[in-house]
Structures are given as C-alpha cells and as structure tokens.
Amino acid sequence: MSRDETDKDKRISRREFVKGAGASAVALGGAASIGTSAAQSQQNPYEVPGEWDLEADVVVIGSGPTGLPAAIRARDAGASVIIVEANYDAGGHGLMNGGTIQLGGGTKLQKKYGVKDSPETMFKDLTDWSVVETNGMPEYRYNDRAIQRALADNSAKTYDFLEANGVKFLDIPPSTEGAHAVGISARRAHEVIWPKGQGAESPRGGGGAGLYRPLEVTARNKGVRFLFNYHMDVIFREAPNGGRVLGVQASYTPRYLPGESTPMKSFYSDGNIGLTQPSVTVKAKKAIVVATGGSTGNINFRRIFDPRMTEVYQLAGSPYSDQDGSGEIAAMAIGASLWGTANQSFERNGYFRKRPVIGAQYTYINWTPDSILFPFVRATGLRVRKWDSLVLVNQVGKRFYNEDAGSWPYGTHHGFLEPYIQGDWRNPRRIKYDPQNFLDAALAPNEGSEPPDYAAGPVWAIFDADAVEREEWDLNPPATDPLYFFSDNTLEGLAKKIKKNPYQKPAMPPDYLRGTIERYNEIVDSGHDPDFERPDPKYKVARPPFYAAWATPVIHDCYTGLRINMKCQVQDMNGQVIPGLYCGGESAGGSSQHGQGRCTTQGYIIGGQVAKEPSWG
Ligand SMILES: Cc1cc2nc3c(=O)[nH]c(=O)nc-3n(C[C@H](O)[C@H](O)[C@H](O)COP(=O)(O)OP(=O)(O)OC[C@H]3O[C@@H](n4cnc5c(N)ncnc54)[C@H](O)[C@@H]3O)c2cc1C
C-alpha cells in the first residue's frame, strides 16, 4: 500500500470514528465534561480536551464568503483568529462563483448611479408576503424578520467594508443580473473586477476570485491564520446543553491529485498553520463561527427538506469544495436549532437547476482543461445551444416532459413585477402563472425506480449524428466523460451501455428507449407533440451513431440552516443563545436570498460581534 493510501485510510477511519461516536453522543444528550484525558476523549469525542493543540480568540470554520469577512473584522477589533478550512485552499463555493454580489440599502454605487434604496426599503422588500415567483412559490414570506432587519441595516456597510479590504467593484450601475430574491424595489447586483492571472488564482478562472482572493490576502496581511485540510467534526461546549462553546476538533483531510503523493496546496501561504497530524483540537477563547456553507452536499440532510434529492444530484460548486452540513450537525449536537426550513423545501429561487451542459458529471461551471481541478472534473461537457436536437429521457428511457422547458424561476429581482407596490395585496394577481414543471417531472419516480428510495435517477439527453453536426460538437475527451457519455450504432446497444454510469441503478430497458425514439420520430413527422406539447418538434433522432449524455439537473443553493438572531448568534430549541457560537451564510436559516450578499453581510455582522465576547482562558 502506498503512503498516500495509508494516510487516506487513517483519515477515513478517524472521521468514521468521530461520526459514529458523535451519533451516539447526540443520542445520549451529547455528554461533555471539562479536563478529561486524551485517552478518554478518544472514547467520547464530546469530552472537552484537557490540552489543546492550537488556540485563538475566534475560531472560524470555513473560509468562504461568510468566514473571510468575519475573520477580518474580528481581527480588526483586536481578536486573534484561526480559520479552520476542510479544503486545500480558501474561498469555498465563493471562489467558484460568478462574482456578482447583491447588496443594497443605499450602497455607494447605488447612490452614485441614482438607484433609490434604503435599509427600510430593503427590509420591507425582504419580508414582503405578497411577492410570489411565477410558479406560485412565495419568495420572502417565510423569511425571519429579525434576520432581514439585520441584513438590510448592514448591507451597504458591507459594501464599504469589502471595498476597504481590497475588493474592487466595477464602476457601473447596479443591475438585476443574478440578483435572486434580494428584493424588487431597487437594482442591487454589483459586479467585482476580476483579478489578473485569474486562471491561476481560481480553479475556474475569475468571478468570485475578485472577491475572495483580495479578502484572503487582506486577512493574511492582518494576521489571520489558516489551518487548511482540517475538517471540523466536533464543537465542544461546557455542558451537554448548557454553557459556552470552548473549541473544536478537526480531522486531517488532505486532497491529492490523481497519481500525486503530496497534498494539494493553497495558492497563498503566508499565515498557514502547516499541520498534518490526523486530528487537532483548537481552543476558541471568545467565539466559534460556523461558516461552513450549508448542507446541500449531504444527501441525508438535504432530503429532510426535499426527499427527492437523492444521491444522483451533484452540487454547483463541486468538485472544489463541499457543503456537507457538518457545521449544522456539529452545532445541533450541542443543542442548536434549525430554522426557516420552508425556504429550502419550496421550489423557488433556482435551488435546483437544469443546465445547458451535458455529457460530464460537473455541468454547472464552464470547466476548462487548464484548471488545476480538471483531473477531478475530467470533462468539459458539451454546451447545448438549442435543445431542439435533443430528446430527454429518464432512467428507464422514457420522455417525461417538454425538453425545451427550463428550470423553476431563478428568483425575483427588480423589474420582475411592474408595477410593484410593496406589500400590496394585488401583487400576486399581477404575476403570470408559469409552473415550469420540467424539474418536478425529472424528479418524479418512474416505473423503473427501485427500493430503497425509489429515486428518479439520472436524466439522459439522447441524440444522433445529425445533432452533433448541427451543434458542431467535438465529442472526444476531454469534452465528454466515458462514464457520463455513451454512443452506439443502435438504440438498444446505447441503452445497455448507460448502465455503466455509477448513478444509473436499473438497467435501461432497450425496447423502452427504442420505443421512445420511434414515437418521438413520429411526433416530428406530424409536427405536433400530443405527449408533452413540445412547441416545435423539429429533428428526428435517426442517423447512427446514437448518443446518450448525462443531462441531470444540479443542486445550487442552501436556504436553511441554524437558528440565529440579529447578531448571528446561534440559538437552541428554546430560543436561547448558545454563548460564543455564531453562524452565517448558507449554514444559517431564516433567509431566502440567493448568494454571497447575505453571506458577506452576515460575516460582517459576526466580525463586529465576536471580539466583544468574554474570554474564558
Ligand atoms: C458555481 C457557483 C456560482 C455562483 N454564482 C454566484 C454569483 O454570481 N453571485 C452570488 O451572489 N452567489 C453565487 N453563488 C453562490 C455563492 O457562491 C454562495 O452562496 C456562497 O459561496 C456561500 O458562502 P458560504 O460562506 O455560506 O459557504 P461556502 O462558500 O460554501 O464556504 C464554506 C467553506 O467552509 C468549508 N467547510 C465546510 N465544512 C467544513 C468543516 N466541517 N470544517 C472546515 N471547513 C469546512 C468549505 O470547504 C468552504 O470553503 C454561486 C455558487 C456557485 C457554486
């Protein structure tokens, strides 16, 4: 066995141990006591260590849009800060994103370009019961009002804070681009300038790097220390359901590129704490910040809110960083409550999306082969210009909806509703209902679905040689992934090959797929689609070879998480603050807003609070 494999085995066994033991500790009420020996703490991971490996006033878990502002502002207030980060580098999903940030309430740029906004307007927007998306889902109705008040009051201040800490905004009027669920009275989407050398600084090139690389550099310059490759598993608290939080335990999670024996390294290194031991404990003298990005990467956790979200669905930010619910789970184990779960359960704000890229596992980002992550990504995928060349089928090879239909709405924004009168009972009447049921149909169990979960399984795009010519696709790797893209001269042969995909559980019945395509070709001949009312069924699937490309929708945002108050302090099931524990961003509940505006703002709020906490040692 290579050293690489040995290390991985050790890592897995330690994390499995912590997970298993953690589960029993939760069942027993999460027993914890101060000052036990290292040997005892091996038996019960919730026993507080007598000695700590590292310590800081503030321990931030996660270095994304929430964690970095929290760390910088805490440092500005004089606190020592360690960021514990499971990944090999900083930024989280933030580093993967498009760089559009939604801030309002009267930012400098809004004022400069005459966009009328105020904290009061923003607060009323974010709590307006009368705004519903075109599929009828309420956008702001289930938001926690106190949390929205805090967001509205701190949004413009966050803009100033970001600018003061190295982020450069494009000097253009705020727009509606990518501004989902940030209220509809004003334009609130701001763009940042992508840094030079963006390819090297972000595994996807640019976008969020314009926010999180400057913030990371500022954090390092100000003395924030980074502990990369450590996954926080346990939060220690004085008593099972009482007292303050004391510190965390984290296990070593290095990442290796295929064939490499040295772990991947962060782009910048000043301030890195270079540990490699299997497990560390970090004492938090003042506060712990859960900034772990939510739970959409944890299959069991995400299914609490939507049981349809089985293992087949990939995350938009993968394979850079995960959002595995570990922050929520560790906090719940010491008494924290979840909050605002309706925001996650409803079909709204683009939390699950159809993507115009097929034939690869990771289809949200436009990956290029020069990315450092490409060995994990493996294929760029085929960009779909027009869906009219494709027939979409479920895991048993049957059509399920009009292929041209899109995702659920991507959320409301300025201009979505005209005229918009805040809180007006007529608002819902002005919205044209458009159910967009493509995703619901894709998520429905079909006749081949199997126990134990009767999952809907993957969606496959079926097409022929003519479609390849029309779309001008080069099918060779790295465009396509051999486990997510198949071809054969017959439809029956194609159906059999699809079984090689790891998420395709039942074999696709060959005669089903052939029958589907024969029927579809009849539909094209007739020019009319009585089955799913595709408006313009144009092209037959007739000329071999035939192809099947992975076209399964992708999970995007997390809209539920821990219960917090206006200061982002985590609360327990009785609404009591857990002293010293904070949370923000996609791991915090109570907000329906997409994206980094709420994350950075909550990071900003947290950073202003944590240094004020009393120190326990
Ligand atoms: C492809 C993509 C494009 C997007 N585009 C936009 C956009 O243009 N505009 C916009 O506003 N939003 C966009 N978003 C959404 C936005 O990036 C996220 O809302 C935001 O990154 C969430 O920030 P966060 O701090 O909550 O979590 P994350 O960014 O997920 O950061 C969490 C960090 O915590 C770490 N972590 C998790 N668990 C642990 C643990 N147990 N121990 C230690 N570390 C841990 C993770 O590795 C990660 O680094 C996009 C997202 C994606 C994926």
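The values are calculated or read from the model by the stated rules, or taken from the named source; none is laboratory data. Predicted model, so just to flag it, every value in this text is computed and none were measured. Reconstructed Cβ throughout: ideal geometry from the backbone, glycine too, with neighbour counts over all protein chains shown. Heavy atoms of the whole protein, side chains included, go into the accessibility calculation; ligands, DNA and RNA do not. Shrake-Rupley method; radii C 1.70, N 1.55, O 1.52, S 1.80 Å.
Data for the structure
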quantity: Largest to smallest accessible area among GLU533, GLU47, GLU177 [probe 1.4 Å]; calculated: GLU533, GLU177, GLU47
quantity: Mean residue ellipticity (222 nm) of the chain, computed from DSSP H runs ≥ 4 via -39,500 (n - 2.57), nearest 500; calculated: -8000 deg cm²/dmol
quantity: Rounded to 5, the percent of DSSP beta bridges in the chain classed as antiparallel; calculated: 65 percent
quantity: Per DSSP, loop trypsin sites (Lys or Arg not before Pro) in the range 117-161 with at most 16 further Cβ within 10 Å; calculated: ARG141
quantity: Amide proton proximity set for VAL192, modelled H, under 5 Å, gap of 5+; calculated: ILE101, LEU170
quantity: P(r), alpha carbons of the range 523-609 - 10 Å bins starting at zero, rounded %; calculated: 15, 27, 15, 10, 15, 14, 5
quantity: Overall form of the range 230-322 per C-alpha gyration tensor (a/c, 1.5; a/b vs b/c); calculated: oblate
quantity: Over 27 Å (Cα to Cα) - which of LYS111/LYS168; LYS354/LYS398; LYS157/LYS354 fall in this group; calculated: LYS157/LYS354
quantity: Estimated vicinal HN-Hα couplings, Hz - the range 405-410 in sequence order (Karplus 6.51, -1.76, 1.60; Gly, Pro = x); calculated: 5, x, 6, 4, x, 7
quantity: Relative contact order (percent, whole number), the range 97-227, Cα cutoff 8 Å, 6+ residue spacing; calculated: 32 percent
quantity: When the chain is reduced to its Cα atoms, the Kirkwood hydrodynamic radius in Å; calculated: 25.3 Å
quantity: Magnitude of the charge dipole, the range 366-494, Cβ model with Lys/Arg +1 and Asp/Glu -1, debye to 20; calculated: 680 debye
quantity: In the range 458-503, GluC sites (Glu not before Pro) in a DSSP loop with at most 13 other beta-carbon atoms within 10 Å; calculated: GLU472
quantity: Net charge contributed by nearby residues that have their C-beta within less than 12 Å of ARG220 (K/R +1, D/E -1); calculated: +2
quantity: Around ARG598: net Lys/Arg minus Asp/Glu count, Cβ-Cβ under 11 Å; calculated: -2
quantity: Cα-only radius of gyration and Dmax that characterise the range 458-596, units Å; calculated: 23.4, 69
quantity: Net charge, PRO119 excluded, C-beta distance under 9 Å - Lys, Arg +1, Asp, Glu -1; calculated: -2
quantity: The range 212-265: GluC sites (Glu not before Pro) falling in loop per DSSP and having at most 14 other Cβ within 10 Å; calculated: GLU260
quantity: The range 165-269 - convex hull of alpha carbons, volume per residue in Å³; calculated: 203 Å³
